[in-house]
Amino acid sequence: MSRPALNDRTPTPRRPHLPLRPLWLCRVCAAPWPCPVARLTLCGEYAHDRIALSVYLCTVLHDAAADLYRLNPHDGPDPATLFTRFLGWAAPRGVHAGQVRGGSSEAGPASRPTGSR
């Protein structure tokens, strides 16, 4: 009996790396969610709309903070750690905040104080 060639095998369906609530661990790899695979998947899904990715991540950060605080109200989650975990990785590298918002990195008329020229 011969072994099937690699190309003859049907691909095994991959399970999505989704959060297990209220623990906020990945259902597949048990890493803190969003795990590296979930981050890559989210970057691909939101490749053309980084603002929507940020809005989505803010929403899940809010939900995660509430869930994790309910699980452990006496030693709740550190806000800075949660920010880094849910949002810090999603900011484009080497891009100024004005460019992310769609503006330029130079100060325009709207950003000047009133009365200055």
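The values are calculated or read from the model by the stated rules, or taken from the named source; none is laboratory data. These figures come from a predicted structure and were not determined experimentally. Just the protein is used for accessible areas: all its heavy atoms, side chains included, with ligands, DNA and RNA removed. Shrake-Rupley method; radii C 1.70, N 1.55, O 1.52, S 1.80 Å.
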Worksheet, complete the sentence: Note on the stretch 62-90: residues open to solvent by 50 Å² or more (accessible area, probe 1.4 Å) and outside any helix (DSSP H, G or I) are 72, 78
Practice prompt. Would you please name the residue that is farthest from the chain's Cα centre (by Cα), looking only at residues in the stretch 55-75 that are at pLDDT 95 or above and charged (D, E, K, R)?
Written response: 70
